[in-house]
1. How much length is gained on full extension from residue 160 to residue 124, taking 0.36 nm per residue of separation minus their Cα-Cα distance?
2. For the chain, what does the relative contact order come out to in percent, with C-alpha contacts under 8 Å and a separation of six or more?
3. Do you know the relative contact order of the range 51-126, to the nearest whole percent, from alpha carbon pairs under 8 angstrom that are 6+ apart?
4. Quick check: pseudo-label points 7 Å beyond the Cα along Cα→Cβ at residue 12 and residue 33, how many nm apart are they?
5. Please give the length that would be gained between residue 152 and residue 97 if that part of the chain were fully extended, namely 0.36 nm times their separation in residues minus their C-alpha to C-alpha distance (nm, one decimal).
6. When a/c reaches 1.5 or more, the comparison of a/b and b/c decides; with that in mind, is the range 1-100 rounded, prolate or oblate per its Cα gyration tensor?
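A short reminder: the numbers here are calculations on the coordinates, not readings from a lab. The structure presented is a predicted model; accordingly, all values stated were derived computationally and were not measured. Positions of Cβ are backbone-derived with ideal geometry, glycine not excepted, and every protein chain shown enters the neighbour counts.
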């Protein structure tokens, strides 16, 4: 399954030119799921939000970056799955290559689904989760927009409002 999900990722890259990881790492069952947000200075600055799921990083580009304000909804455009090693990637993607520009890690940590079945929630376009990062902490949701009946890649990234008496962990 991992080989198929990384097909689009590998097809877009020339690994003789870019230092981006090709993807070989597999996950140990008992480890917590990881997430990373990468600041990506490509043709336009955006932030790549990645959640570990099924041995790959499910990925969304957030043009204005994630927000900690529950009143702010950020567009998150679904992109191709990335290999797990990409969570550690920082560097320059060479000019002329897909995604050319500087990549740096903006935040990282672990995440946990706040739904019974994260696969079903992702398929239905309403994935609720908790982030345990350095900057991003607490409950969030990715909600697929319904502007298009076909496979829509536009989602909204939203911070859940926390209970006033409840402290973020």
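1. Answer, rounded to one decimal: 11.1 nm.
2. 21 percent
3. Relative contact order, the range 51-126: 21 percent.
4. Using points 7 Å along Cα→Cβ, the separation is 2.1 nm.
5. Residue separation times 0.36 nm, minus the Cα-Cα distance, leaves 17.2 nm.
6. oblate
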